[in-house]
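The values are calculated or read from the model by the stated rules, or taken from the named source; none is laboratory data. Just so you know, these numbers come straight off a predicted model, no measurement behind them. With ideal geometry, Cβ positions are generated from the backbone for all residues, glycine too; neighbour counts draw on all protein chains shown.
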Amino acid sequence: MFSPDDTIVAIATPPGAGGIGIVRVSGPDATRVAAALIHRKAPLEPRLATFTRLADDEVVATFFPAPRSYTGQDVVEISAHGSPVVLDAIVRAALHAGARLAEPGEFTLRAFLNGKRDLVQAEAVADLIAASTPLQARVAFDQLEGTLTRRIGEVDGVLFDLVARLEASIDFPDEGYHFVAAGEIAASIGKVIALLDDLLGDASRGRLIREGATVAIVGRPNVGKSSIFNVLAGADRAIVTHIPGTTRDLITERVEIGGIAVTLVDTAGARDAEDAIEREGVTRGLRASEVADAVVVVVDASEQATEDDRAVIARTADRRRVLVANKSDRDSTAWPGEFLRVSALTGAGIDALRGAIASALGAREALRDRAAVSNLRHIALLEAARVRLVQAREAAAQSAPEEFLLADLQEARGRFDEIVGTRTSEDVLSHIFAKFCIGK
Ligand SMILES: Nc1nc2c(ncn2[C@@H]2O[C@H](COP(=O)(O)OP(=O)(O)OP(=O)(O)O)[C@@H](O)[C@H]2O)c(=O)[nH]1
Ligand SMILES: [Mg+2]
């Protein structure tokens, strides 16, 4: 991986023009590089925003001496007028003065390498930047604050205690099971598993918040799927006509429902289509609804159930779904009470529909207590640790020698170390940090 001893530079603000743009320099040579750029002759005072000039521009330079900086190294931040031309010129001047262009995530990587953040917190920085809903931001911020690290630390602490006692039993065999009673081992491991399950129990909600969900709108032709899609999207995205079979392709739109980033998919009305294009559309709609996290099944409140209605309702019976009777503004035939009555035309019932979609996704719980684990990497490692713990518990129940149990328990602890980054391969690190933006 790239050397942490290089002095690196990058524009830290988003591409394009803005009120202010910031160029960040980090590394042992940061002050020397900055001094070569700015007009001010005296050294910059720590943590004091200093107005000066750089070439013909006005800038404010701030020096954060190591270790009290984002990266833990000497950092100089130069705020300039937010013009891409000006900012590029500052970066070029810094390169000329001996800095090198930062790789994506390299500032945060340095923060990790210098112990300013653990890996969970570093990953949370990327999540926070990528967050598109307030709830995503909250969960990321929570992890940035160390909540997840602490919870994992608690589980690891209990495990560590058990490992220490088992090791003592091996090291001082004469004392027999003095340090840990035979029957107690399996129960102790069981306690660790329970703590882990608690963490993993939050994971599906955490993932839902972090990654969002896909919701497909399905139903027979002409019931008003595209009309509902447009109302939820807040824009006239899908074509609406009175002709059954209007929608042929999948149309998607990102919306926020109950704090969740939802990809809404409008599908072609499900029926035995004659025309080849419509038939392909129906097939695609089916596929989309099969992979969606939840489906909204739409029927026409003003008409009796048809064969096609019944087919869609039966096909989605075991799915997370919301049953909707649209066109409630018209004379309605009796659909059962479980059908939410809405009108895409008047907007009646649409808020209730949003609520029902959120509930179907499990977003209601997600809002109540914040989920700690949301990252698939963390979930996979926690699950791997759990496998080892279950093995150890079984071995303990069969009174296997401590050495066997210990190997499994140590492996489980190793997975925890990988999550927070005390033991992580360079490959994993490059993979994680490569997803950051440059300048972070
Ligand atoms: N009265 C009334 N008419 C509606 C309502 N929603 C949709 N419509 C009408 O129903 C017809 C079909 O609407 P679409 O949204 O195109 O229906 P669809 O389910 O997407 O149809 P396909 O794409 O053909 O499967 C249009 O003429 C809409 O104006 C409603 O709530 N009330
Ligand atoms: Mg349509």
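Enumerate the pairs (first residue in region 413-440 and at pLDDT 85 or above and among the small types (Gly, Ala, Ser); second residue anywhere and surrounded by 15 or more Cβ atoms within 10 Å (Cβ to Cβ) and part of a helix (DSSP H, G or I)) with beta-carbon separation below 6 Å, excluding pairs fewer than 6 apart on the same chain, so at least 6 apart or on different chains. The qualifying pairs are Gly421/Leu119. Number of residues in region 288-329 that are of a type in the set (A, V, I, L, M, F, W, C) and in a helix (DSSP H, G or I) equals 6.
Can we say Val255 is farther than 30 Å from Arg415 by Cα, more than 7 Å from ligand 1 (Cβ to nearest atom) and part of a helix (DSSP H, G or I)? No.
Taking (1) over 30 Å from Gln143 (Cβ atoms); (2) hydrophobic (A, V, I, L, M, F, W, C); (3) touching a His at 6+ places or on another chain (Cβ under 8 Å) in turn, Val120 satisfies each apart from (1). No other residue among Val125, Val158, Val163 is within 14 Å of the chain's Cα centre (by Cα) and either under 15 Å from Val420 (Cβ atoms) or assigned to a helix (DSSP H, G or I) (or both) apart from Val125. Comparison of Leu109, Leu44, Leu54 shows that the only residue that is more than 30 Å from Lys435 (Cβ to Cβ), in contact with a Phe, Trp or Tyr (Cβ under 6 Å, 6 or more places away or on another chain) and not β-branched (Val, Ile, Thr) is Leu44.
When region 260-283 is limited to residues that are away from ligand 2 (no atom under 13 Å from the Cβ) and part of a helix (DSSP H, G or I), the one that is nearest to the chain's Cα centre (by Cα) turns out to be Thr283.
Listed by first and then second residue, the pairs with beta-carbon distance under 6 Å, at least 6 apart or on different chains, first residue in region 258-273 and under 18 Å from Ser227 (Cα atoms), second more than 13 Å from ligand 1 (Cβ to nearest atom) and of a type in the set (S, T, N, Q), are Thr263/Thr214; Thr263/Thr252; Val265/Thr252. Among all positions in region 192-212, there is no residue which is within 16 Å of ligand 2 (Cβ to nearest atom) and either surrounded by 15 or more Cβ atoms within 10 Å (Cβ to Cβ) or in contact (Cβ under 8 Å) with a residue 12 or more places away in the chain (or both). Scanning region 234-248 for residues that are within 13 Å of ligand 2 (Cβ to nearest atom) and in contact with an Asp or Glu (Cβ under 9 Å, 6 or more places away or on another chain) yields Arg237, Ala238, Gly245, Thr247, Arg248.
One residue stands out in region 138-148 among those that are under 16 Å from Thr108 (Cβ atoms) and crowded, with 21+ Cβ neighbours inside 10 Å: the one that is nearest to the chain's Cα centre (by Cα), namely Ala140. Looking at the structure I just gave you, is Asp308 buried (at least 16 other Cβ atoms within 10 Å of the Cβ) and near ligand 1 (Cβ under 9 Å from one of its atoms)? Considered against the rule, which asks whether it is buried (at least 16 other Cβ atoms within 10 Å of the Cβ) and near ligand 1 (Cβ under 9 Å from one of its atoms), Asp308 comes out as no. Of all residues in region 398-430, those satisfying the criterion of being more than 26 Å from the chain's Cα centre (by Cα), part of a helix (DSSP H, G or I) and aliphatic (A, V, I, L, M) are Leu405, Leu406, Ala407, Leu409. In this structure, Phe107 does not qualify as among the aromatic types (Phe, Trp, Tyr) and in contact with a Leu (Cβ under 9 Å, 6 or more places away or on another chain). Among the residues of region 223-248, those identified as assigned to a loop (DSSP other than H, G, I, E, B), within 6 Å of ligand 1 (Cβ to nearest atom) and either in contact with a Ser or Thr (Cβ under 7 Å, 6 or more places away or on another chain) or touching a residue at least 40 places away in the same chain (Cβ under 8 Å) (or both) are Val223, Gly224, Val240, Thr246, Thr247.
Among the residues of region 125-139, those that are touching a residue at least 24 places away in the same chain (Cβ under 8 Å) and not β-branched (Val, Ile, Thr) comprise Ala126, Asp127, Ser132, Pro134, Leu135, Gln136, Arg138. Restricting attention to region 288-305, the residues that are away from ligand 1 (no atom under 16 Å from the Cβ) and either free of Cβ contacts under 8 Å to residues at least 40 places away in the same chain or crowded, with 16+ Cβ neighbours inside 10 Å (or both) add up to 5.
Can Val240 be described as in contact with a helix residue (DSSP H, G or I) (Cβ under 7 Å, 6 or more places away or on another chain) and farther than 18 Å from Arg321 by Cα? Answer is yes for this residue.
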